Amino acid sequence: MTCIKVKDLKKSYGSLQAVDGISFEVRPGEIYGLLGPNGAGKTTTIEMLVGLRTRDSGTVDILGYDPQVAPEKVKSGIGVQLQSPAMFPRLTVLELVELFASFYQDPLPVDEVIEMVGLTEKKKAQSRKLSGGQMHRLAIALAIVSNGRIIFLDEPTTGLDPQARRNLWEVILGLKKSGKAVFLTTHYMDEAEKLCDWVAIVDQGRIIAEGHPETLIDEHFKERALEFEQPAYVNEKRLEKLTGVKKIVTDGDLVTLYTETVSQTIAELFDLAKETGQPVNDIAVRRSTLEDLFLKLTGRRIRE
Amino acid sequence: MKTFFKLFAAQAKELLRDRMSLFWYIAFPVIFILIFGAIFSGGTNLNFEVGIAAESEGPVSQGIVQAFEAVESFTMHTGSREEELEALRAGNRSAVLVIPAAVEQLVSVPGGMPGQGASSSIAEPVKVEVLYDKGQQQTTSIVLSIVDQLLEGIEQQLTGKTRLLVADQKPVAAEQLRDIDFLLPGILAMAIMQLGLFGSFNIVSLREKKVLKSLGATPLPRVMLLGSEILVRVLLSLFQTLLIIIIGRLVFDVQVTGPWYQVIATVLLGSVTFISFGYLLTLFSKSEESGIGLVQLVQFPMMFFAGIFFPTTFMPDFLQPLVKIIPLTYLGDLLRHVMVSMPTEYPIVTSLLVLGGVTVVSVIGSVLLWRWE
Ligand SMILES: Nc1ncnc2c1ncn2[C@@H]1O[C@H](COP(=O)(O)OP(=O)(O)OP(=O)(O)O)[C@@H](O)[C@H]1O
Ligand SMILES: [Mg+2]
């Protein structure tokens, strides 16, 4: 039983292939994450799924309907938060949530939803007077109040403070618990790792890797990531010779060594430092993350 | 239905909380009325230059001349028939009356002034020639109606008969028409136009700010959005009408004579005309800002050349074609007629057809060119 089924979805803007053959499926009770850098085609994809944009080719099935053929059927069954949400500027939070609730057959209770996103204190505030993060939370409330079977969230936590972000994660996990499917996009690897049952890493309109976040990492990394600031004199040749190093990625001053034998590599790195008389700065050892995976697959960082 | 109501309430609140827009839509026309009303209510009434040429110097002729001189809005000139006709041709008279010598025969009692004697039998009516410039329709119709009333009154006094049939006096008889009576409906017409033209750009603003896009992801039919917006503004037009009428009544004692349903129907027609015309204009502008510029470009000439502030007949001939293609001209004309019983300058049917035509063309154009994004 799937509620989103996408096959070979494509969209181009002039000569730019924004979405270049994406396929995936999402089931109820699942959180599906689209992960990728700016311009990867995430928003374009979401907007094609919710019936805001037409596609060039491929098939889309949302709750049994094609958003291009029966947009009203699709729209009444989903809730959507767009990346740059905008609302009537002079209506209050409460009025807007009530207004949106009136668009749907069986909306969630308005007060409850406002409480969920932590805007209870701002209920009476006009939307134009909300801060960026509050506006963002309002947009999420407007998506949730639909009580739709799928909730689409385009970068739900961008611009939120850490506290609000964690709260929102709880809200999203709550949606999943109530049996809804959540389709979200994000730049934040930790977010995808924490929330998603399935992530697809997109770059330049294509899915370059997908799977359960941990499985995905384990598949690609047996090694740990060793990060430090590159001393100008150390060239890659010498770093490669260190024991256990599988791959080196340099990104400006920052060097990441992927190694299977962390302690051995560190010891040798310090020896190298002693030998050249220069300290190794800002060294850190991390478990590999989706970010590393992206770096490994594309040679670029996901956030510039 | 519930959705529509919510949406209507939302749009109404949105508008009512926008003090700036409210000022322009509601307060601005009112201020206009107060200012212009104050300027013009200082006795500078509508004034017409009327020539009178009496062929006889007899008492009846003199009585008639006196009666005309008593009319406040007439500045009388006496002279020979030829002199006065010359002045009329030169454009210095609104009308010229020629009182034939035969009027003296109307009274049999020697020296009998109007009111005293009564001639028993008048074989046939004496014709008082009224000459006027056919080009100045509106002025002429006002002058003629005054002349008519006066002659009627004089005749009544001469014959001493009480009339069996008395026309119910119109509360605003032509002789009492003041500038403010002319101005008030015109400013209402202007307000309706502005509400329609500027108001339509709300949708452009919503489009630009991506509110439309955000709503586009909900099951709300967007036509409903448009419908509720139009309803809000039509109701605002009616409110505006009420406000202007009340202010006119309280401050300047302007009596609205027309039947309410006619006033309301005219306001609705004007409102719908300019709202749809406004939507058509939105489709020719990329952004809200450029759109507002476009509206200014359209509405300023309309405001000045549609005879809102003074009769269009005062405008030079070369501007007349412009006057005639401005829809506001017709709305103003209709409103003056239904509100203060001013004689229309254009046939009512023509005005209705023009406004209806603009509406139909605008609606069709808008539907064809409409874009949500
Ligand atoms: N309306 C448009 N017209 C032309 N190009 C567009 C349009 N919308 C998006 N693009 C281009 O398509 C590509 C994908 O854009 P999209 O918004 O889908 O990226 P994204 O993954 O959502 O990025 P971000 O993380 O910055 O939100 C970008 O290169 C963008 O410049
Ligand atoms: Mg995006």
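Points to keep in mind about this one:
- Label-to-label distance, nm, for residues given as B:W24 and B:Q296 (7 Å Cα→Cβ offset): 1.0
- Other residues within the sphere of radius under 11 Å centred on the Cβ of A:K122, judged by their own Cβ, net out at +3 (K and R +1, D and E -1).
- Residue order by solvent-accessible surface for B:F274, B:F4, B:F304 is B:F304, B:F4, B:F274, largest first, with ligands and nucleic acids left out and a 1.4 Å probe.
- Which of B:W370, A:W169 is most accessible, then next, and so on - probe 1.4 Å: B:W370, A:W169
- Longest DSSP-loop-exposure-free segment, trypsin sites (Lys or Arg not before Pro), chain B, at most 11 other Cβ within 10 Å: B:1-126
- Taking each residue as 0.36 nm, the span from B:L250 to B:S80 lengthens on full extension beyond its C-alpha to C-alpha distance by 56.6 nm.
- Cβ-Cβ FRET estimate between B:V367 and B:L238, R0 fixed at 35 Å, reported to 0.05: 0.90
- Exceeding the 21 Å Cα-Cα cut-off - candidates A:K75/B:K210; A:K194/B:K213; A:K5/B:K209: A:K194/B:K213; A:K5/B:K209
- Rounded accessible area per residue of region B:236-362, 1.4 Å, Å²: 43
- Length-normalised contact order of region A:172-226 in % [C-alpha pairs under 8 Å, at least 6 apart]: 21
- Once both labels are positioned 7 Å from their Cα atoms along Cα-to-Cβ, the gap between B:L352 and A:V285 label points is 9.2 nm.
- Probe 1.4 Å, all protein chains present, accessible-area order of A:H212, B:H77, largest first: A:H212, B:H77
- Across the accessible surface of the protein assembly as shown, with the other protein chains kept in place and a 1.4 Å probe, carbon and sulfur atoms take up 56 percent.
- Calculated FRET value between A:T261 and A:T120, using beta carbons and R₀ = 41 Å, to 0.05: 0.20
- Accessible surface for chain A, divided over its residues, is 44 Å² per residue with a 1.4 Å probe.
- When you filter the trypsin sites (Lys or Arg not before Pro) in region A:252-304 for DSSP loop state and at most 13 other Cβ atoms inside 10 Å of their Cβ, you are left with A:R287, A:R300, A:R303.
- Ignoring lysines fewer than eight residues from A:K241 along the same chain, the ones with Cα atoms less than 24 angstrom from its Cα are A:K222, A:K274, A:K296.
- Once you reduce region B:323-361 and region A:249-273 to the center of their Cα atoms, the two points are 85 Å from each other.
- Summed buried accessible area for B+A [probe radius 1.4 Å, Å², rounded to 100]: 2300
- Extending 7 Å from Cα along the Cβ direction at A:S84 and again at B:A38 yields two label points whose distance is 4.6 nm.
The values are calculated or read from the model by the stated rules, or taken from the named source; none is laboratory data. This one's a predicted model, so the numbers in the text were calculated from it and none came from an experiment. Cβ coordinates were reconstructed from backbone atoms using ideal geometry, including for glycine residues, and neighbour counts include every protein chain displayed. Ligands, DNA and RNA are excluded from the accessible area calculation, which covers all protein heavy atoms including side chains. Shrake-Rupley method; radii C 1.70, N 1.55, O 1.52, S 1.80 Å.
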